[in-house]
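This report concerns only the one structure given below.
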Amino acid sequence: MTMSRRTLLKAGFAGLAASAVAGCNNGAAARGEGEVIYWLWDSAQLPMYTECAKVFHEQNPQYTVKIEQYGWNDYWSKLVTGFISETAPDVFTGHSSKYPLFADKGQVLAIDDFVARDNVDLGIYQKGLADRWIGADGKRYGLPKDWDTEVYFYNSALTEAAGISTEQLNSMTWNPQDGGTFEQIVRRLTVDAKGRRGDQPGFDKDNVQVYGLGYADAGGGDGQTSWSWYAAINGWKYSEGEPWGTRFFYGDPKFTETIGWWRGLITKGYMPTYAQAKSGVDVTTSFGAGKYAITPNGSWMLGTYAGLKQVKTKLARLPIGPIGKRMSMMNGLADTIWAGTTRRDASWAWVKFLGSQTAQDIVARAGVVFPAVAASMPAAKAAFAKAGWDVTPFLEPVEAGDVFPYPANPNAADVTAVMTPAMDAVMSFEAEPASLAEANDEVNQILSANA
Amino acid sequence: MTATTNAPPTSRRSHGEATALPRKRRSLGDLKVAMIFLAPATLGFVVFYIWPTLRGAYLSFTEYSLLQAPNFNGLANYERMVQDSLFWNALVVTVEYVVINIGVQTVLAVGIAMLMYRLTHSITVRAVVLLPYLVANVVVALVWYWMLDFQVGIVNQGLTWLGIDPVAFFGESQWAIPTIAGINVWRHMGYTALLVFAGLQMIPKYVYEAAEVDGSTEWKTFWRITLPLLRPVLVMVLVVTMIGSFQIFDTVAVTTAGGPINATRVIYYYIFERAFTRFDFGYASAMAMVLFAILAVVSLLQLRLLRAKESDLA
């Protein structure tokens, strides 16, 4: 018994110490009037933003910016506890899946008045990006900083060995019945333990060495890097009133047949089973070990793929579908201001600066993400080219306007809690794609209950 | 019950009345110093344990989205819990984890402790046994996550060499909980073994000598003498490790995140999800209160059933 009491005491001390450390964080009173605290989660972007903060201070000597970076998972829970304890950062990087809830709960500042007062030109951004930050209530909550789309990252040694040309890879077609030329390519790229390809006689689908197509998970409610484009080119939409979904369509046959086709690749042996795919560190690591020929992913992953030194990675366009074109999800980040900040003017000045071409040129030149300001794009393209990437497949859908938004809504967490297990069950063959109709009912109930 | 009073009546008699007073004073002086030493911990205990517990109890009767003031809603959260299949699933999954984790861990810990006790008293060996426990939970989880990776992990590589099909340790519903339980057994068994080892050292040598004289075998001695005399220590170890085991969270959080489907959505993870990703703090608090009640009952039962206060060494 003494043991447990001792442990409790120790924990008490540890708690005291931890709170003392936490208390130092963001002491609003302790720092200068012009000092803004800014948070971001991507460590790869820290150097560029440090540079931005330097230039910002040179242009506005009355303001300084202190940047803090936390990994994606810590970031959001730290932010929420910051809201509650009133120690949140003045400005922070926002995500379309998260800010609607924060806006709904009055935690982020609407910037319409600032935008109007300073005549901010919203036309400098890539088409549609600025409007992504107008909430369901019609107010604007951020200025866009970057954007992303999806493509196929492929292992070029494997495609060459399979005799598949770059042209073939960039002109793939798809349909939910036989998967089009896309599925033919995936089949050819799949190799069993004895070296037989998916389209060769005797192919052993239970003993596969290299899978044609990789996937990280079942995609949950958005399928951003897994199924979103197949569903879109099959003529499906997430919801009525995109992106502010009021009624979702996960039970729609266009969607369920897409998912049915997708999981069919598991049965055929071109994709690992769901258990195998999930029982791994991540899909990029397996790709880097040469276990997948093709993995779809977003543009923010370019740096990670560049770090995979054992494979040579190239990019291919998404396929053309029944609706006669390619489509990609287009999502992006923005800088948002915490509603509880005591430094509104300084915070706005920083947000405005980050949304300007000056700042986005700095970001673009680092070649990590695509800047939101259209005129900064050439610099980013050049930086990516220098790193060996031809990023055209990411840009084409944006230029053509063939993009669809991330399905945002203030109940995203509740929707995810329903859709993730539901999609997991379908992909692990514990439920049929038709069962998604029930999950869809549940999602719509959540939305109507909170409307 | 056990005659272990340190101040035998004889000594009091010999000192007489006169020495009784300074004695009292000295003990009061101890009290003051003791209070000073205890104060920070007591403060910590009140601020970080008592107060949050009371507030949690209150919040369990409210609808509270964290970012807006709580709204009293009576027993609604508890009624909802009864209907919530995910809550029941979380309990079942957690119990499954605890049974595997505690069962395997206790048997292994007693085994290791016996080996250490019988074969070596080397400090180095004790330190090595304790090593996994010194590595942070999250680090242990991540290292095993890599090693057990289906496609690139070293364990499955080894299995393949042995001609066994690779196993999707974290991806297969029926494997996920045993895998996570196993990882934590690996981390904790050394620590538990040391506690048991300390218990073994408390068993007087003469009991063993007597057993030997009576011609008892090693096996019989273990079952008839070691284990019964170890009981008070084992009960303490079981209570402490079981409470810890029910609170399994970090390993799940950094590996499966509750999946595949709901196979590893243990109660703590479910509470965390409800509270911090879905901002359903009232409901999460209600579940936490139920977990608190369950743990209290389980611990009391353990202490009662295993007669923790009594030793067979009377």
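Being of a type outside the set (A, V, I, L, M), in the same structural domain as A:Leu169 (by TED's automatic domain parsing) and open to solvent by less than 10 Å² (accessible area, probe 1.4 Å) holds for only one residue in A:Gly223, A:Gly202, and it is A:Gly223. Every residue in the stretch A:236-256 that is crowded, with 19+ Cβ neighbours inside 10 Å, among the hydroxyl-bearing types (Ser, Thr, Tyr) and either in contact with a Gly (Cβ under 6 Å, 6 or more places away or on another chain) or in a loop (DSSP other than H, G, I, E, B) (or both), please. Those that are crowded, with 19+ Cβ neighbours inside 10 Å, among the hydroxyl-bearing types (Ser, Thr, Tyr) and either in contact with a Gly (Cβ under 6 Å, 6 or more places away or on another chain) or in a loop (DSSP other than H, G, I, E, B) (or both): A:Tyr238, A:Ser239, A:Tyr250. Exactly one residue out of A:Glu240, A:Glu160, A:Glu167, A:Glu150 is closer than 19 Å to A:Lys291 by Cβ and of a type outside the set (Phe, Trp, Tyr): that is A:Glu160. Residue count for the stretch B:138-170, restricted to those that are under 14 Å from B:Asn184 (Cα atoms) and at pLDDT below 90: 0. Among residues of the stretch A:105-119 that are in the same structural domain as A:Gly355 (by TED's automatic domain parsing) and without any contact (Cβ under 8 Å) to a residue 60 or more places away in the chain, those with a Cβ under 8 angstrom from a residue that is among the hydrophobic types (A, V, I, L, M, F, W, C) and open to solvent by 40 Å² or more (accessible area, probe 1.4 Å), sequence gap 6+ or separate chain, pair up as A:Val115/A:Leu122. Taken as a whole, the condition of being within 28 Å of A:Ser226 (Cβ to Cβ), open to solvent by less than 10 Å² (accessible area, probe 1.4 Å) and of a type outside the set (Ser, Thr, Tyr) does not apply to A:Ala359. When B:Phe249, B:Phe279 are screened for being within 14 Å of chain A (Cβ to nearest Cβ), open to solvent by less than 30 Å² (accessible area, probe 1.4 Å) and closer than 25 Å to A:Thr420 by Cα, only B:Phe279 passes. Selection over the stretch A:388-416 of residues that are open to solvent by less than 30 Å² (accessible area, probe 1.4 Å) and within 21 Å of A:Lys278 (Cβ to Cβ) gives a count of 1.
Can you name every residue in the stretch B:151-207 that is part of a loop (DSSP other than H, G, I, E, B), away from chain A (no Cβ under 14 Å) and of a type in the set (A, V, I, L, M)?
B:Leu162, B:Ile203
Out of A:Ala372, A:Ala380, A:Ala349, A:Ala366, one residue alone is open to solvent by 10 Å² or more (accessible area, probe 1.4 Å), outside the structural domain of A:Gly298 (by TED's automatic domain parsing) and within 19 Å of A:Asp148 (Cβ to Cβ). It is A:Ala366.
Among the residues of the stretch A:130-174, those identified as in a helix (DSSP H, G or I), open to solvent by 50 Å² or more (accessible area, probe 1.4 Å) and among the polar types (S, T, N, Q) are A:Thr166, A:Gln168.
Evaluating B:Arg265 against the criteria (1) part of a loop (DSSP other than H, G, I, E, B); (2) under 26 Å from B:Leu108 (Cα atoms); (3) modelled with pLDDT of 90 or more leaves one unmet condition, (2).
Against the test of being part of a strand (DSSP E or B), more than 28 Å from B:Ala257 (Cβ to Cβ) and more than 21 Å from the chain's Cα centre (by Cα), the options A:Gln209, A:Gln200 yield a single qualifying residue, A:Gln209.
Touching a helix residue (DSSP H, G or I) at 6+ places or on another chain (Cβ under 6 Å), within 28 Å of A:Ala364 (Cα to Cα) and more than 14 Å from chain B (Cβ to nearest Cβ): does that describe A:Val91? Yes; evaluated as a whole, the condition is true for this residue. Considering only the stretch B:29-75, state which residues are open to solvent by less than 70 Å² (accessible area, probe 1.4 Å), within 14 Å of chain A (Cβ to nearest Cβ) and closer than 18 Å to B:Tyr283 by Cβ. Of everything in the stretch B:29-75, those that are open to solvent by less than 70 Å² (accessible area, probe 1.4 Å), within 14 Å of chain A (Cβ to nearest Cβ) and closer than 18 Å to B:Tyr283 by Cβ turn out to be B:Pro52, B:Thr53, B:Leu59, B:Tyr64, B:Ser65, B:Leu66, B:Leu67, B:Pro70.
Condition check ((1) surrounded by 20 or more Cβ atoms within 10 Å (Cβ to Cβ); (2) under 20 Å from A:Arg317 (Cα atoms); (3) away from chain B (no Cβ under 11 Å)) across all residues:
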| residue | (1), (2), (3) |
| --- | --- |
| A:Thr258 | yes, yes, yes |
| A:Ile266 | yes, no, yes |
| A:Thr273 | no, no, no |
| A:Lys278 | yes, no, no |
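Just one of the numbered conditions (1) more than 30 Å from B:Pro178 (Cβ to Cβ); (2) assigned to a helix (DSSP H, G or I); (3) not acidic (Asp, Glu) is not true of B:Ile112: (1).
Being among the hydrophobic types (A, V, I, L, M, F, W, C), away from every other protein chain (no Cβ under 14 Å) and open to solvent by 10 Å² or more (accessible area, probe 1.4 Å): is that true of A:Trp262 here? Steps first, answer last, please.
Values: among the hydrophobic types (A, V, I, L, M, F, W, C): yes; away from every other protein chain (no Cβ under 14 Å): yes; open to solvent by 10 Å² or more (accessible area, probe 1.4 Å): no.
Spelling it out, it is not the case that A:Trp262 is among the hydrophobic types (A, V, I, L, M, F, W, C), away from every other protein chain (no Cβ under 14 Å) and open to solvent by 10 Å² or more (accessible area, probe 1.4 Å).
Select from the stretch A:45-63 the residues that are in contact with a Gly (Cβ under 6 Å, 6 or more places away or on another chain) and crowded, with 16+ Cβ neighbours inside 10 Å and list them in ascending order. Result: A:Tyr63, single match.
Reported count of residues in the stretch A:280-293, each being part of a helix (DSSP H, G or I) and more than 7 Å from chain B (Cβ to nearest Cβ), is 4. In the set A:Lys314, A:Lys325, only one residue is among the basic types (Lys, Arg), open to solvent by 10 Å² or more (accessible area, probe 1.4 Å) and assigned to a loop (DSSP other than H, G, I, E, B); that residue is A:Lys325. Total residues in the stretch A:175-184 satisfying the condition of being in a helix (DSSP H, G or I) and in contact (Cβ under 8 Å) with a residue 60 or more places away in the chain: the figure is 4. Is there a residue in the stretch B:116-137 that is under 30 Å from A:Gln209 (Cβ atoms), more than 11 Å from every other protein chain (Cβ to nearest Cβ), in contact with a Ser or Thr (Cβ under 8 Å, 6 or more places away or on another chain) and in contact (Cβ under 8 Å) with a residue 60 or more places away in the chain? Among the residues of the stretch B:116-137, not one is under 30 Å from A:Gln209 (Cβ atoms), more than 11 Å from every other protein chain (Cβ to nearest Cβ), in contact with a Ser or Thr (Cβ under 8 Å, 6 or more places away or on another chain) and in contact (Cβ under 8 Å) with a residue 60 or more places away in the chain, which makes the answer no.
So that you can scan it fast, the table gives a plain yes or no per residue for (1) at pLDDT 95 or above; (2) surrounded by 12 or more Cβ atoms within 10 Å (Cβ to Cβ); (3) more than 30 Å from A:Gly303 (Cβ to Cβ):
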site	(1), (2), (3)
A:Ala17	no, no, yes
A:Val21	no, no, yes
A:Asn25	no, yes, no
A:Ala29	no, no, yes
A:Tyr38	yes, yes, no
A:Asn73	no, yes, no
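Within the stretch A:101-117, restricting attention to residues that are in contact with a strand residue (DSSP E or B) (Cβ under 8 Å, 6 or more places away or on another chain) and not in a loop (DSSP other than H, G, I, E, B), which residue is nearest to the other protein chains (Cβ to nearest Cβ)? Looking at residues that are in contact with a strand residue (DSSP E or B) (Cβ under 8 Å, 6 or more places away or on another chain) and not in a loop (DSSP other than H, G, I, E, B), I get A:Phe102. Per the listing A:Ala216, A:Ala293, the residue uniquely crowded, with 24+ Cβ neighbours inside 10 Å and touching a helix residue (DSSP H, G or I) at 6+ places or on another chain (Cβ under 6 Å) is A:Ala293.
The values are calculated or read from the model by the stated rules, or taken from the named source; none is laboratory data. It should be emphasised that the depicted structure is a prediction, and the values quoted were computed from it without experimental measurement. Quick reminder, even Gly has a Cβ in these numbers, built from the backbone with ideal geometry, and neighbours come from all protein chains shown. When the accessible area is computed, the model is the full protein with side chains, heavy atoms only, and any ligands, DNA or RNA have been set aside. Shrake-Rupley method; radii C 1.70, N 1.55, O 1.52, S 1.80 Å.
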